[in-house]
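Got a structure for you, written out below as structure tokens; questions coming shortly.
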Amino acid sequence: MPLLANVIRHRSLAIVGMAKNVGKTVCLNHLLARLWEEGKRVALTSIGLDGERTDQLLGTPKPEITLRPGAIFATTERHYRQRQFVAEILDVSDRQTALGRLVTARAITPGKVILSGAPDTRSMGRWIDDAAALGAEITLVEGALSRLSLASPTVAEGIILATGAALSESIPRLVRETRRVYDLMQLPPVDEPARRALAGIEQGLWAVDDDGRARDLNLPSAFLIAGHKEEILARGNTLFAAGAVTDALLQFLRVQRSPGGITLVARDFTRIFARGDTCRAFLEAGGQLRVLLPATLLAVCANPLSPTGFLMNSDELTAALRETLRVPVYDIKRIDETCYSKTR
């Protein structure tokens, strides 16, 4: 399968849902089954809560996560105790969460599991490294768009984006909303001299001068821009926001007049919290958006069935997504049967 061939080239993969019930767990189970058949050593976890039998809000059935023998997984103590298969504990963290400590284990027999893993990206990155040290060839991380930070290139090398009728029962709107996130994932990287200058900076708003040096604007956050407008472009036309890129920052930059235009660099696409129309207005005014760490979107998976029972025409849905997106698109309900892809 083209999807599997692409996935196994990466050390870690985030499966991110545009909304609840768009099929990310079905996609995860598909990959787990195919990787098992290929003899790959897999680790998996979630940055949220995944694998429940029923939706906590709607009460509708949900697909459970199925492990095969040898799979390494991380979940909290409460959900580890609820498993119904044999597993070997490999590590128990010192850090407490609302659901207990984080347990890392290896499945001895097959079975179902609820995943509730590391609560933040820093911890998730460390766990992926630990899983590799335990022998995992690829780590899969599941999570919703509300926890988009797990898809940061600092955590996962590749991304699969899940979308579907649960997001919208209108194909044009579904495509439009998916395209908005897709466009953020496609933001190009900053040039190499600027990347080297900015690589170690963790906070604040910075400028890159004509000599390629990073200059601190002494603003701890882009939220404080209103009181420091005079200093913003004094050091150069390339700015780096180490934290959040907000509507206020883009709106301010959009109305500034600067020779050659303004380039705003975000750490990665997950740091951009501005609305889509704000981003478009900034770009249409001649601004440029770049990222320090570019994302790698491997595929989009689409689920035509909503939890309310509404069923889209699968061919129309996948055709509309293929027409708009420059990555392979898979019907999540036919993923074991038919691959829909178009790479231009």
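The values are calculated or read from the model by the stated rules, or taken from the named source; none is laboratory data. All figures in this text were calculated on a predicted structure; none of them were measured in a lab. Please note: Cβ atoms are built from the backbone with ideal geometry, for glycine as well, and neighbour counts cover all protein chains shown.
Confirm whether Leu184 is at pLDDT below 95, out of contact with any Lys or Arg (no Cβ under 7 Å at 6 or more places or on another chain) and outside any loop (DSSP other than H, G, I, E, B).
So Leu184 fits the description; yes.
List pairs: first residue in the stretch 66-85 and at positive phi, second residue of a type in the set (D, E, K, R) anywhere in the structure, Cβ distance under 8 angstrom, at least six positions apart or on different chains.
Cβ pairs passing all conditions: Gly70/Arg41; Gly70/Arg106.
Would you please name the residue that is farthest from the chain's Cα centre (by Cα), looking only at residues in the stretch 262-310 that are of a type in the set (S, T, N, Q) and assigned to a loop (DSSP other than H, G, I, E, B)?
Across the stretch 262-310, the extreme among qualifying residues is Thr308.
State whether the residues of the stretch 103-112 include one that is assigned by TED's automatic domain parsing to the domain that holds Tyr330, in contact (Cβ under 8 Å) with a residue 60 or more places away in the chain and not aromatic (Phe, Trp, Tyr).
yes
In contact with a helix residue (DSSP H, G or I) (Cβ under 7 Å, 6 or more places away or on another chain) and either over 20 Å from Glu157 (Cα atoms) or assigned by TED's automatic domain parsing to the domain that holds Asp210 (or both), is that true of Asp331?
Considered against the rule, which asks whether it is in contact with a helix residue (DSSP H, G or I) (Cβ under 7 Å, 6 or more places away or on another chain) and either over 20 Å from Glu157 (Cα atoms) or assigned by TED's automatic domain parsing to the domain that holds Asp210 (or both), Asp331 comes out as yes.
Report whether or not Ala118 is crowded, with 20+ Cβ neighbours inside 10 Å, among the small types (Gly, Ala, Ser), closer than 23 Å to Ile332 by Cα and touching a residue at least 40 places away in the same chain (Cβ under 8 Å). Break it down into steps so the answer makes sense when it comes.
Numbers: crowded, with 20+ Cβ neighbours inside 10 Å: yes; among the small types (Gly, Ala, Ser): yes; closer than 23 Å to Ile332 by Cα: no; touching a residue at least 40 places away in the same chain (Cβ under 8 Å): yes.
Judged against the criteria, Ala118 is not a match.
Also, I was wondering about something else. Within the set of pairs 6 or more residues apart or between chains, which connect a residue that is outside the structural domain of Ala207 (by TED's automatic domain parsing) inside the stretch 246-272 to a residue that is surrounded by 14 or more Cβ atoms within 10 Å (Cβ to Cβ) and of a type outside the set (D, E, K, R) with Cβ atoms less than 9 Å apart?
Within 9 Å, no pair qualifies.
Going by the structure shown, is Arg213 at pLDDT 85 or above and surrounded by fewer than 19 Cβ atoms within 10 Å (Cβ to Cβ)?
Values: at pLDDT 85 or above: yes; surrounded by fewer than 19 Cβ atoms within 10 Å (Cβ to Cβ): yes.
So Arg213 passes the test.
Identify, please: which residue in the stretch 58-114 is touching a Lys or Arg at 6+ places or on another chain (Cβ under 8 Å), basic (Lys, Arg) and closer than 18 Å to Ala131 by Cα and is, among those, surrounded by the fewest Cβ atoms within 10 Å (Cβ to Cβ)?
Arg95
Next up: Given Ala281, Ala274, which one is surrounded by fewer than 18 Cβ atoms within 10 Å (Cβ to Cβ), over 18 Å from Gly17 (Cα atoms) and small (Gly, Ala, Ser)?
Ala281
Among (1) buried (at least 16 other Cβ atoms within 10 Å of the Cβ); (2) more than 16 Å from the chain's Cα centre (by Cα); (3) under 20 Å from Met18 (Cα atoms), where does Phe252 come up short?
With respect to (1) buried (at least 16 other Cβ atoms within 10 Å of the Cβ); (2) more than 16 Å from the chain's Cα centre (by Cα); (3) under 20 Å from Met18 (Cα atoms), Phe252 is out only on (3).
Quick one: which residue in Ala165, Ala156, Ala194 is surrounded by 23 or more Cβ atoms within 10 Å (Cβ to Cβ), farther than 19 Å from Ala14 by Cβ and touching a residue at least 60 places away in the same chain (Cβ under 8 Å)?
Answer to the selection: Ala165.
Oh, and also: Search the stretch 168-213 for residues being β-branched (Val, Ile, Thr) and touching a strand residue (DSSP E or B) at 6+ places or on another chain (Cβ under 9 Å), and hand back the single one that is farthest from Gly260 (Cα to Cα).
By that ranking, first place goes to Val175.
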